[in-house]
Amino acid sequence: MKGNLFRVIREGDRITVFTVGYERRDGESLIAALRDAGVEHLADIRENPVSRKPDFRARALKALCEDAGIEYGAWPDLGSTESQRDALHETGDFSAFRKNFRAHAQRRMSEPIERLCVVARKKTVALLCYERSHEECHRSIIAELMADRLDAGITALL
C-alpha cells in the first residue's frame, strides 16, 4: 500500500479483509485510501447509510466509488441495530456491546456474512462504517467473523 496509513490486525492466508471508518475524512481521502489498498468492493455495513457529511450518504458514496472504479455494495443486514447503538451510547461500554453484537451476528447474520465472503473470495473488500477506530466499531466483529470463514487477514485503513 502506498502513502496512506494502515494497521495489520490479523495475518491471514491469501485474502485480506480491509476495514475503514469515515470519521474525520472527506470523500476524496476515503477513495484515495481505498485505491491505495487495492479495494475493489466497498461494503457499506451501516444499518442506515445516512450521514450528516454529504459525501457519505449512500447515493453520493456510490457515485464516488463508481467514479473511482470501485464497486459499492449496501449491506444493511450487517449493521448494528438502533437499540444496540443506543445501549452503547448510554453505557459507553464497548466490551458489553462487542460481546452482545458478536452473539447477535453469529445468530442472525450468518447468511449475509457468507454472501460477503463470496464477494471477498473474488474481489478485495473493505468494510465501511463511521468510527475511525477499527476496535471501536462493529465492523471489527464482522471482519473477524469473515476472516474466520476465509482464513483471511484483517487490515484497518487509518
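Values quoted throughout were computed directly from the atomic coordinates according to the rules given, and no laboratory measurement underlies them. Keep in mind that what you see is a predicted model, and the values were worked out from it rather than measured. Here the Cβ is made from the backbone with ideal geometry for all residues, glycine too, and neighbour counts use every protein chain on show.
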> Which percent, nearest 5, of DSSP beta bridges in the chain are antiparallel?
Replying inline: 20
>> Starting from a Cα-only point model with no solvent, please compute log10 I(q)/I(0) by Debye for region 33-126 at q = 0.11, 0.14, 0.17 1/Å.
In response: -0.38, -0.61, -0.86
> Over region 49-98, what relative contact order in percent results from Cα pairs under 8 Å that are six or more residues apart?
Replying inline: 20
>> Quick check on the exposure proxy: order H41, H134 from fewest to most C-beta atoms within 10 angstrom.
In response: H41, H134
> Can you work out the FRET efficiency for the pair R52 and D13, with r the C-beta to C-beta distance and R0 = 35 Å, to the nearest 0.05?
Replying inline: 0.35
>> Can you give me the long-range amide H partners of V17? Hydrogens built in the peptide plane at 1.01 Å from N, cutoff under 5 Å, separation of 5 or more residues or another chain.
In response: G153, I154, T155
> Which option, (1) 23; (2) 27; (3) 30, is the value of percent of Cα pairs over 25 Å apart that was calculated from these coordinates?
Replying inline: (1)
> So how do L5, L88 line up by other beta-carbon neighbours within 10 Å, fewest first?
Replying inline: L5, L88
>> Give me the net charge for the shell around E135: Cβ to Cβ below 15 angstrom, other residues only, Lys and Arg +1, Asp and Glu -1.
In response: +2
> Rounded to the nearest 20 Debye, what is the dipole magnitude of the chain about its Cα centre when Lys and Arg each give +1 and Asp and Glu each give -1 at the C-beta?
Replying inline: 120
>> How high is the relative contact order of region 79-158? Use alpha-carbon pairs under 8 Å, at least six apart in sequence, and give a whole percent.
In response: 29
>> Excluding same-chain pairs closer than 8 in sequence, count the lysine pairs in the chain whose Cα atoms lie under 25 Å apart.
In response: 6
> Arranged by the count of other C-beta atoms within 10 angstrom, fewest first, what order do F18, F101 take?
Replying inline: F101, F18
> Put +1 on the Cβ of each Lys and Arg and -1 on the Cβ of each Asp and Glu in the chain; which of M109, L61, G38 then has its Cα farthest toward the positive end of the dipole?
Replying inline: G38
